[in-house]
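Below is one structure, written out as structure tokens; comments come after it.
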Amino acid sequence: MKESKFMSPYVAGVGLGLTMLAAFMLMGRGLGASGAMMRFDVWLLNMFASTHTASNAYFAKYAANPLSNWLVFEIIGVMIGGFLSGALAGRLKFVIGKGPRISNRNRLYFALGGGIIMGMGARLARGCTSGLALTGGATLSLGGWVFMLCVFAGAYATAWFVRKQWI
Amino acid sequence: MQELTITSGRMNPGIDPVLHAWGWEIPVYLFLGGLAAGLLFFSAYFYLKGKENTFVTAVKTAPMFVPVILGIGLGALFLDLSHKLYFWRLYTTIRLESPMSWGAWTLMFIFPLSVLWSATFLKDVFPSWECKIPFVARFIEWLKKKRTWMAYGLILFSAVLGMYTGILLSAFNARPFWNTSILGPLFLISGFSTGAAFILLMSKDEEERKMFSRIDMVLIVIELFLIVHLFMGFLASTQVHVEAAQLFLGGPYTAVFWTFVAGLGLVVPLLAEFMEFRGVHIPVKIPALLVLLGGLILRFIVVDAGQSSRWLYKFMQ
Amino acid sequence: MGPFYKMGFFSEQTGFVIALLTGVAFGFWLERAGFGQSRKLALQFYFRDMTVLKVMFTAIVTAMIGLLYFSLFGWIDLSLIYINPTFLWAQIIGGLVLGIGFAIGGYCPGTSVVGAVTGRIDGMIFILGALLGMFVFGEIFPLIENLYTAGAMGNITLPEYFNISSGIIAFIILFAAVGMFVGGEWLEKKFGEEEA
């Protein structure tokens with residue numbers, strides 16, 4: 001089957017907005033992603049070094065039942081939804097997303113490096129694009145909007161240096 | 001301060017310290033038993049339908065795994081026994097009213113039968129293998145002529161084995177969550193569904209995969225239906241049954257059951273297989289793995305939740 | 001009257017099941033928009049594909065207006081909604097760092113999950129990186145604890161900070177969003193590739 005085209009960004013945006021609205025209405029909170037990753041991290045750490053997680057001031061916040069959390073189940077849902085949508089559109093395949101001018105291996109190094117930087121940034125800001133920019137944006141949180149502007153600023157400032165990766 | 005007046009020794013952690021007596025061994029045993037029952041059933045059924053050369057994986061390859069699977073399952077069960085040296089006593093008696101007795105005797109028959117059954121297909125699966133001992137070779141040749149009889153026996157015993165994995169739990173009247181007649185059929189269907197998934201996982205033949213994907217879809221729909229009935233039955237029953245159902249409808253098992261068993265283990269594979277059926281390309285291994293995992297988690301949750309559901313003294317929790 | 005969970009309509013465990021369903025919708029829309037593909041996300045930063053901006057702002061505007069109207073109708077009690085607390089300096093620095101990571105890695109945490117489940121290998125590696133980064137953050141946390149709490153301002157919102165009514169703020173955001181959509185379409189026409 002041929003890959004189908006992406007949905008209009010405005011339609012997808014309205015869908016996303018309504019999903020968020022439903023989350024507010026039902027649970028009184030928005031969406032998120034990086035918190036679930038943090039909890040998964042702590043869960044892994046707990047298995048190997050539970051005394052260490054308990055003694056670290058940051059990990060300790062998550063140490064009790066790290067996986068029994070709203071965000072964790074939400075991310076499992078994201079996996080299901082993304083998988084089903086990708087399947088419906090015929091977009092399930094093992095590929096490496098990149099521009100034409102970079103090798104696969106270098107792209108994966110960049111992905112790893114970018115992930116590490118983003119992981120630290122997301123923890124410092126207490127959220128990521130979904131948890132802080134989208135949710136905070138919709139609730140008109142000051143920090144959410146400041147954060148969003150800074151994300152775009154940081155990304156646009158870096159873009160030129162990594163242009164070989166994408167274009 | 002909360003004051004407790006204990007009027008009975010039952011379910012009292014101070015007197016009866018082990019309320020959660022079963023760990024990982026029993027769920028694993030129930031899962032592997034159901035899986036083996038499913039594999040044997042499909043193997044025998046499609047053999048009788050004359051499909052042994054169409055559905056090669058199901059009829060010939062899959063039974064090779066059964067003795068191993070049953071062996072591991074029985075090993076887990078054996079680990080759970082407190083008096084390991086006395087397990088043979090199960091065979092000194094036949095008690096028609098005891099599912100333990102039923103299960104022990106069924107396993108007594110089905111285990112050797114599965115070994116003999118897979119032995120007759122050894123040459124098909126491993127063409128280069130040659131039996132060096134003339135007596136054994138002659139015995140296998142003789143067995144091949146008896147395959148039809150063995151297949152009928154396998155269908156009968158695999159159904160009993162599949163049922164028994166659930167009935168074993170329903171026999172514990174003292175646990176409200178297990179005290180339902182739906183557990184037998186539910187575990188039977190779930191076991192067959194994991195069997196179909198296992199075959200899907202191994203099969204390289206397009207037609208066979210289509211067939212088992214379709215079988216799996218039907219089984220999943222039945223399973224969902226049974227789960228709905230399980231809860232409807234509880235909710236229409238006595239107070240303790242309602243409370244047992246509440247463990248899954250808002251209580252501590254809610255998220256894990258609906259996420260991993262009903263969601264990832266049943267609905268997602270069903271949707272994926274349905275899409276595949278409609279021509280969407282999906283790697284068939286994904287729904288198959290999810291079904292297997294969902295079946296395993298189902299048994300863990302049912303065993304654990306049953307031990308948490310009580311007739312008396314809800315306040316002890 | 002919502003939010004239902006805060007009103008005690010259902011238990012925390014039922015909330016997890018709702019979280020799962022919400023997540024399914026979230027992941028579905030992200031994938032529909034093409035957010036499972038890092039290049040599509042990253043081209044945003046070269047003005048070639050403004051999908052990120054369009055989707056984000058449509059979503060924010062939809063949810064924001066929805067919240068305001070629901071509150072106006074008395075369907076939802078906004079004071080019970082979780083407002084992300086503001087730690088100004090932590091979020092400025094964190095945002096810049098996260099933006100750098102976005103341009104280099106090509107994903108953000110939510111989209112990397114969608115990318116990974118649709119088979120993008122760079123998405124899987126990115127998740128690995130993010131887990132590693134969060135681990136490193138936890139390890140060096142004692143050193144940067146001051147930065148982490150720098151600029152603490154509590155659960156403050158834009159209307160409170162500027163002392164303007166939320167309706168006017170919402171209108172300004174809506175206006176800005178429409179402006180950005182028009183600008184985005186223009187930029188795409190100018191720099192964008194032919195429909196790939």
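Among A:ASN104, A:PHE40, A:ALA125, which residue has its Cα furthest toward the positive end of the charge dipole of the range A:1-128, with +1 on Lys/Arg Cβ and -1 on Asp/Glu Cβ?
A:ASN104
Pairs of alpha-carbon atoms within less than 8 angstrom and 6+ residues apart define the contacts here; what relative contact order does chain B have, in percent?
Working: 401 pairs, mean separation 72.8, N = 317.
Relative contact order comes out at 23 percent.
What are the trypsin sites (Lys or Arg not before Pro) within the range A:52-99 that DSSP puts in a loop, where the Cβ has at most 12 other Cβ atoms within 10 Å?
A:LYS93
Counting other Cβ atoms within 10 Å of each Cβ, which chymotrypsin sites (Phe, Trp or Tyr not before Pro) in the range C:1-44 have at most 13 and sit in a DSSP loop?
Values: sites: C:PHE4, C:TYR5, C:PHE9, C:PHE10, C:PHE16, C:PHE26, C:PHE28, C:TRP29, C:PHE35; in loops: C:PHE4, C:TYR5, C:PHE9, C:PHE10, C:PHE35.
Answer in residue order: C:PHE9.
Could you compute the longest span of chain B free of chymotrypsin sites (Phe, Trp or Tyr not before Pro) located in DSSP loops and having at most 16 other Cβ atoms within 10 Å, not counting the site residues? Kindly include the intermediate steps, with their values, before the conclusion.
Details: sites that count: B:TRP22, B:TRP24, B:TRP129, B:PHE172, B:TYR313.
Longest site-free region, per DSSP loop and neighbour criteria: B:173-312.
Which lysines, if any, have their Cα less than 24 Å from the Cα of C:LYS189, not counting same-chain residues under 8 positions apart?
The qualifying lysines are A:LYS5, A:LYS98, A:LYS164, C:LYS40, C:LYS54.
HN-Hα J couplings of the range B:65-76 from phi, Karplus 6.51/-1.76/1.60, θ = phi - 60°, integer Hz, Gly and Pro as x?
These are the phi-based 3J(HN,Hα) values: 7, 4, x, 5, 4, 4, x, 5, x, 5, x, 5 Hz.
Apply the a/c threshold of 1.5 to the C-alpha gyration tensor of the range A:60-167 and tell me whether it is rounded, prolate or oblate.
Working: a/c = 1.73, a/b = 1.20, b/c = 1.44.
Note, shape of the range A:60-167 comes out oblate.
Based on the alpha-carbon gyration tensor of chain B and its eigenvalue square roots a ≥ b ≥ c, which shape applies: rounded if a/c is under 1.5, prolate if not and a/b is larger than b/c, or oblate?
Working: a/c = 2.61, a/b = 1.48, b/c = 1.76.
Cα axes put chain B in the oblate bin.
By count of other Cβ within 10 Å, fewest leading, how are B:CYS131, A:CYS128 ordered? Intermediate results must be reported in sequence, preceding the final value.
Working: B:CYS131 15, A:CYS128 32.
So the residues, fewest neighbours to most, are B:CYS131, A:CYS128.
Hey, what number do you get for chain B at 222 nm if only DSSP H runs of n ≥ 4 count, each worth -39500 (n - 2.57), divided across all residues, to the nearest 500?
Values: 11 runs with 197 residues, N = 317.
Taking each H run of at least 4 residues, the total per residue is -21000 deg cm²/dmol.
Among the aspartates and glutamates, select those whose C-alpha is under 15 Å from the C-alpha of B:LYS51, and discard any that sit fewer than 8 residues away in the same chain.
Candidates past the 8-residue exclusion: B:ASP124, B:ASP205, B:GLU206, B:GLU207, B:GLU208.
Using θ = phi - 60° and the Karplus form 6.51 cos²θ - 1.76 cosθ + 1.60, what ³J(HN,Hα) does each residue of the range B:46-55 get, whole Hz, x for Gly and Pro?
Once θ is set to phi - 60°, the couplings for the range B:46-55 become 6, 5, 5, 7, x, 9, 5, 9, 8, 9 Hz.
If you average the sequence gap of Cα pairs under 8 Å that are 6 or more apart and divide by the length of the range C:1-117, what percent do you get for the contact order?
Working: 66 pairs, mean separation 46.1, N = 117.
Once divided by the residue count of the range C:1-117, the mean separation gives 39 percent.
So what is the relative contact order of chain C, in percent, for Cα pairs below 8 Å that sit 6 or more residues apart? Before the final figure, lay out each step's value.
Values: 159 pairs, mean separation 61.9, N = 196.
The value is 32 percent.
Treat the count of other C-beta atoms within 10 Å as a stand-in for reagent exposure and order B:LEU249, A:LEU44 from fewest to most. Numbers along the way, then the final one.
Details: B:LEU249 19, A:LEU44 14.
Ranking B:LEU249, A:LEU44 by Cβ neighbours within 10 Å, fewest first, gives A:LEU44, B:LEU249.
Calculate for chain A the 222 nm mean residue ellipticity that helices alone would give, adding -39,500 (n - 2.57) per DSSP H run of length 4 or more and normalising by residue count, nearest 500 deg cm²/dmol. Each step should come with its number before you reach the end.
Working: 8 runs with 107 residues, N = 167.
One gets -20500 deg cm²/dmol as the mean residue ellipticity at 222 nm.
Quick one: longest stretch of chain C between exposed loop GluC sites (Glu not before Pro), exposed meaning at most 13 other C-beta atoms within 10 Å and loop per DSSP? All intermediate terms of the calculation are to be shown ahead of the outcome.
Numbers: sites that count: C:GLU193, C:GLU194, C:GLU195.
Between exposed loop sites, the widest span is C:1-192.
Rounded if a/c is under 1.5, else prolate if a/b beats b/c, else oblate: with a ≥ b ≥ c from the C-alpha gyration tensor eigenvalues square-rooted, which is chain C? It would help to have the intermediate numbers written out before the result.
Numbers: a/c = 1.36, a/b = 1.17, b/c = 1.16.
Rounded.
Which order do B:LYS60, B:LYS51, B:LYS144, B:LYS204 fall in if you start with the one that has the fewest other Cβ atoms within 10 Å? Mind showing how you got there, number by number?
Details: B:LYS60 21, B:LYS51 16, B:LYS144 13, B:LYS204 9.
In order of increasing Cβ crowding within 10 Å: B:LYS204, B:LYS144, B:LYS51, B:LYS60.
Give the lysines whose C-alpha is closer than 22 Å to that of B:LYS285, dropping any in the same chain fewer than 8 places away, or say none.
Straight-line reach from B:LYS285, under 22 Å: A:LYS2, A:LYS93, B:LYS60, B:LYS204, B:LYS210.
Just in the range A:1-49: which chymotrypsin sites (Phe, Trp or Tyr not before Pro) are loop by DSSP and have at most 10 other Cβ atoms within 10 Å?
Details: sites: A:PHE6, A:TYR10, A:PHE24, A:PHE40, A:TRP43, A:PHE48; in loops: A:PHE6.
Nothing satisfies the criteria.
Find how much the distance from B:VAL228 to B:ILE140 grows on full extension, using 0.36 nm per residue of separation minus their present alpha carbon separation; answer in nm with one decimal.
On the way: separation 88, 0.36 × 88 = 31.68 nm, distance 4.63 nm.
Working it through step by step, the gained length comes to 27.1 nm.
Where does the longest stretch of chain B lie that holds no GluC sites (Glu not before Pro) found in a DSSP loop with 14 or fewer other Cβ atoms within 10 Å?
On the way: sites that count: B:GLU3, B:GLU97, B:GLU130.
In chain B, the maximal stretch lacking such sites is B:131-317.
Read-outs throughout are calculated quantities, based only on the coordinates presented, and are distinct from any laboratory measurement. All figures in this text were calculated on a predicted structure; none of them were measured in a lab. With ideal geometry, Cβ positions are generated from the backbone for all residues, glycine too; neighbour counts draw on all protein chains shown.
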